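Undergrad: Quick one: structure below, then a few questions.
The values are calculated or read from the model by the stated rules, or taken from the named source; none is laboratory data. This is a predicted model, so every value here is computed, not measured. When we count neighbours, we look across all protein chains shown, and the Cβ atoms used for this are built from the backbone with ideal geometry, even at glycine. The protein model used for the area step is the full one, side chains on, heavy atoms only, and it has no ligands, DNA or RNA in it. Shrake-Rupley method; radii C 1.70, N 1.55, O 1.52, S 1.80 Å.
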Amino acid sequence: ALLAALAAAAAAGGAAAWFHRHLAAARREVAAGHNAAAVPHLHACHGLGLPHRELFLLSARVARRSGAWDDADAALTRSADRFGEDDGVVLERLLLRAARGDVEDVGPPLAARVRAGGPDARLAREALVTGLLYRFRWADADRVLAEWRADNPADPIALLLRGKLEEQRQQLEPAARTFRRVVELDPGHD
């Protein structure tokens with residue numbers, strides 16, 4: 001019985017270590033904007049069935065960035081049901097609404113997060129630009145990107161969105177140059 005208990009404890013400890021290793025890898029990939037690279041790590045974590053607030057938020061972020069808005073909403077609902085509507089869920093819901101094009105309603109709270117700085121500023125800008133591009137509000141997207149790039153001219157996510165704006169405008173040569181610059185700055189970007 002003691003051996004069985006020790007084996008079970010070792011297996012649980014191993015599973016937890018495996019979970020946290022994949023969660024850390026997913027966190028790094030999502031922060032870098034490497035959504036496709038984050039997916040296998042997120043699936044590995046979900047496969048263990050261990051509920052974790054950050055796992056739901058990272059899954060929602062990748063789904064939002066990938067345009068799988070219903071999946072993002074479902075991940076946020078699971079997180080809220082399990083852990084409550086904390087600031088992470090509230091922020092991700094704002095980001096999701098912005099990415100879907102609801103920039104009029106969520107623009108002011110996201111602009112406040114941009115002004116406050118910190119890691120939320122980058123996420124807020126990303127979602128705002130995505131929503132503006134979704135709504136074909138090119139001048140507004142250009143303005144947000146110009147402010148973002150003034151603060152951080154070599155941010156690969158800002159450059160990627162700049163390339164998407166140029167692509168939408170049918171400015172294919174500038175878009176290709178911008179996308180090449182993204183790959184120069186971040187060779188691992190999908």
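Undergrad: With the full set of protein chains in place, find how many percent of the accessible area of the range 94-189 is carbon and sulfur; take the probe as 1.4 Å.
TA: Carbon and sulfur atoms account for 53 percent of the accessible area of the range 94-189.
Undergrad: Given the convex hull of the Cα atoms of the range 93-190, what is a quarter of its surface area in nm²?
TA: 6.0 nm²
Undergrad: A follow-up question, please. Just to confirm a number: summing +1 for Lys and Arg and -1 for Asp and Glu over residues other than residue 169 whose beta-carbon lies under 13 angstrom from that of residue 169, what do you get?
TA: Counting the neighbours of residue 169, the net charge comes to -1.
Undergrad: Still on this structure, please answer the following. Output the 0 to 90 degree angle, nearest 10, between the alpha-carbon long axis of helix 53-65 and the longest principal axis computed from the alpha carbons of the chain.
TA: The angle comes out at about 30 degrees.
Undergrad: Residue separation times 0.36 nm, minus the C-alpha to C-alpha distance between residue 143 and residue 77: what's the value?
TA: 20.5 nm
Undergrad: Sorted by packing (mean other beta-carbon atoms within 10 Å per residue), highest first, where do 32-39, 116-123, 49-56, 156-163 land?
TA: 156-163, 32-39, 49-56, 116-123
Undergrad: Then there is this: Semi-axes, largest first, in whole Å: what does sqrt of 5 times each Cα gyration tensor eigenvalue give for the chain?
TA: Over the Cα atoms of the chain, the ellipsoid semi-axes are 35, 19, 13 Å.
Undergrad: Please give the helix 69-83 orientation as an angle from the longest Cα principal axis of the chain, in degrees from 0 to 90, rounded to the nearest 10.
TA: 50 degrees
Undergrad: When the accessible area of the range 31-86 is split by element with a 1.4 Å probe, what percent falls to carbon and sulfur?
TA: That fraction is 54 percent.
Undergrad: In degrees from 0 to 90, rounded to the nearest 10, what is the angle of the helix 138-151 Cα long axis to the longest principal axis of the chain?
TA: 70 degrees
Undergrad: Just to confirm, what accessible area per residue do you get for the range 1-149 at 1.4 Å probe, in whole Å²?
TA: Accessible area per residue: 49 Å².
Undergrad: If each residue of separation counts as 0.36 nm, what is the full-extension length gain between residue 15 and residue 54 once their alpha-carbon separation is subtracted?
TA: 12.3 nm
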